[in-house]
Amino acid sequence: MRMRQTVYLRQFLIMFILLTATSFTLYGQTGYQEFFNRSLEINNTGMLVLGSWAVGNIAVGTYGWIRNEGDRKYFNQMNLFWNLINVTIAGFALHGNSGTDITALSDSEIISKHLQTEKILLINSGLDIGYIGAGYLMRHFSGSSKNRTDLLRGYGNSVMLQGTFLLVFDTVLYLILRDHRISFPVDLQAGFISGSLVPGIRFTF
């Protein structure tokens, strides 16, 4: 009789552990998917801001290129050229995000994709500082150029403007995504990895 009770107790404990582990796993999967869904929403909002900036610059740049002379003509010309690239980037990003199947991604893939986006934004922020510096140099050398004074001054002012906007844009978007990641309670979740129940990991940088 005591042996039978022991067997029943073991079976109960095994079932309890399996049910608990399964519930943690399901909760973890749902939590990660909700996390990445919000991550995509933040990213899409950022791309809409970038796209709106680009469309506005294309419209104003086209008009200014036609109507102005001297350095203002080249300022508007570069704004137009620069933002043709921006609107293309925003369009491709929105299209790619809309085709993302979150349910097909594992938890590690979700975290990896999110961290990759943050890394790209940090790299872009460094490039933005370079753009601002390049624009300053163009404007500086415009004074010593006899034939390209207006072009260098106009292009320099434009590159400085666009670089400054992108620096603010990339930095703010990075900080929002980083705050979203840090506030995600990964440490409260668990899941099966290679058949074993392991605690989740909190990703904080």
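A few comments on the model shown:
- Carbon plus sulfur fraction of accessible area for region 98-158, probe 1.4 Å, in percent: 57 percent
- Share of pairwise Cα separations in region 88-190, more than 20 Å, in percent: 56 percent
- In order through region 45-56: 3J(HN,Hα) via Karplus (6.51 cos²θ - 1.76 cosθ + 1.60), integer Hz, x for Gly, Pro: 4, x, 5, 5, 5, 4, x, 5, 4, 5, 4, x
- By accessible area with a 1.4 Å probe, ligands and nucleic acids excluded, highest first: order of LYS146, LYS73, LYS113, LYS119: LYS146, LYS119, LYS113, LYS73
The values are calculated or read from the model by the stated rules, or taken from the named source; none is laboratory data. Remember, predicted model here, so these are calculated numbers, not experimental data. These accessible areas exclude ligands, DNA and RNA; they are computed on the full protein's heavy atoms, side chains included. Shrake-Rupley method; radii C 1.70, N 1.55, O 1.52, S 1.80 Å.
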